[in-house]
Number of protein chains: 2
Amino acid sequence: MADLTAETGVPVPTIKYYLREGLLPPGRALGRNQAEYSRAHVRRLKLVRALVEYGGLSIAVIRDLVRHLDDPDVRGGDLLGAAQLTVTAQHEPPAGPKDRAEEIVDDLLARHGWHDLDRHPSRHTLIGLVRSLSELGREDMLDVLDDYAVAAERVAEADLRVVGELLDRERALEIVVLGTQLGDTIITSLRRLAQAHVAQRLHGPSPSGPPGTGQAGH
Amino acid sequence: MADLTAETGVPVPTIKYYLREGLLPPGRALGRNQAEYSRAHVRRLKLVRALVEYGGLSIAVIRDLVRHLDDPDVRGGDLLGAAQLTVTAQHEPPAGPKDRAEEIVDDLLARHGWHDLDRHPSRHTLIGLVRSLSELGREDMLDVLDDYAVAAERVAEADLRVVGELLDRERALEIVVLGTQLGDTIITSLRRLAQAHVAQRLHGPSPSGPPGTGQAGH
């Protein structure tokens, strides 16, 4: 276990915690207080660490993700969907007659040619978000939706290109899990940077601390 | 307070909790057990509710955001930056000599003409993410970065367009706060939907449950 720590920088008590929580499979027992850990352990430990550090995921969600990695019943074609859904907020489908928020979302999906997504939980999330913005009197913010959809399709095409090139199942699963979760953080980080860039271009740097420098933060 | 509940659907105990936590300003006292709440309270309550429900933010972070809304010292030009940074993960700047991950990120920013972002916390987050992917042997996933950056700039331009059209300070602040936080969730929801759409286009719907229908989830 000291070797695992040396190689990954993860402290021993944390490794023990991950073992107890089932995020890391047990090592091969060598004696009462000794176990042997393989390259697969080093790899899994780095994966878990990345998901904790940058994915902002709970231990329970990471346990689910790791199960997909180890589950032989999860087939290739369902991998993207299964891993995606694990890290996707599960909002209930809208009840009752179709309201304006639902119409706005379905019109958006239709305009971009995205079909057969009626039961996707992210559609429900999106409807809830649109409804919240409407209730707050912020329908003006919905003007961004078409640009966001174009951007999202560009992102998704890049995502599928990376997954599609892979033949190795374990690696493909890992990429889906990492790509879905860390990819969200990469995208939101790039959005912040792009906002700072566009703001500077439009307004010039602010003397008291432009958005790009973190002066206004705390 | 019963009226606030009737208008917003937020239960009385939750409203009391928000008052105690400083997310909602106190009403005007009318007697020992009565207070009057204004339209501003209804509005703020809906805002807090939306941030809790869809922003996935802690109470402490929402308190910070609400403070920006109420702080007269936060000037127009710094609003985007300040609100952005409140909801931006604060990772430390990289220490020591420039490593490969830092180079990859700085080359990316330079390629897209995004300058003067050396001290932006999202740059540090991005470097950490790139380093994690490299350590996991997943440098192949970095192929998406240019597409992501183009998509992020399109998103940011739409964001700034909405903020730029506003003259009302309170509304502008609200849009930045809502747009930054809820916008992230809108983008990740659209990314999931677009992935399902692109996967269907490439592989056709899977009989056991395509990514679009949530069959593979749990």
What are the nm distances, shortest first, from residue B:202 to its equivalents in the other copies, labels at 7 Å along Cα→Cβ?
-> 3.4
Taking protein heavy atoms only, a 1.4 Å probe, and rounding to whole percent, the accessible area of segment B:2-55 owed to carbon and sulfur comes out at 50
May I ask for the distance between the Cα centers of segment A:143-163 and segment B:6-53, given as a whole number of Å?
-> 38
Amide H of residue B:35: which non-local residues (sequence gap of 5 or more, or other chain) have their own amide H closer than 5 Å, using H built in the peptide plane?
-> B:30
Considering only chain A, pick the residue with its Cβ nearest the axis of the rotation onto chain B, and state the distance in whole Å.
-> A:151, 2
Sequence of A:106, A:3 from largest to smallest accessible area, 1.4 Å probe | A:3, A:106
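Pulled fully out, how much extra length does the chain show between residue A:92 and residue A:28, if you take 0.36 nm times their separation in residues and subtract their Cα-Cα distance?
Details: separation 64, 0.36 × 64 = 23.04 nm, distance 4.33 nm.
Fully extending the segment from residue A:92 to residue A:28 adds 18.7 nm.
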When we measure straight from the Cα of residue A:46, which lysines land under 29 angstrom away, once same-chain ones fewer than 8 places off are left out?
-> A:16, B:98
Taking both sides together, what accessible area is buried at the B/A interface, probe 1.4 Å, expressed in Å² and rounded to the nearest 100?
-> 9100
From the label point of residue A:33, set 7 Å along Cα to the beta carbon, how far off in nm is each other copy's matching point, shortest first?
-> 6.3
At R0 = 45 Å the Cβ-Cβ FRET efficiency linking residue A:39 and residue B:63, nearest 0.05, sits at 0.50
Label-to-label distances across copies for residue A:71, with labels 7 Å out along Cα→Cβ, in nm, shortest first?
-> 4.5
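The values are calculated or read from the model by the stated rules, or taken from the named source; none is laboratory data. Bear in mind the structure is a predicted one, so any value in this text is a computation, not a measurement. Neighbour counts run over all protein chains shown; Cβ positions are idealised from the backbone, glycine included. Areas reflect the complete protein model, heavy atoms only, side chains present, ligands, DNA and RNA absent. Shrake-Rupley method; radii C 1.70, N 1.55, O 1.52, S 1.80 Å.
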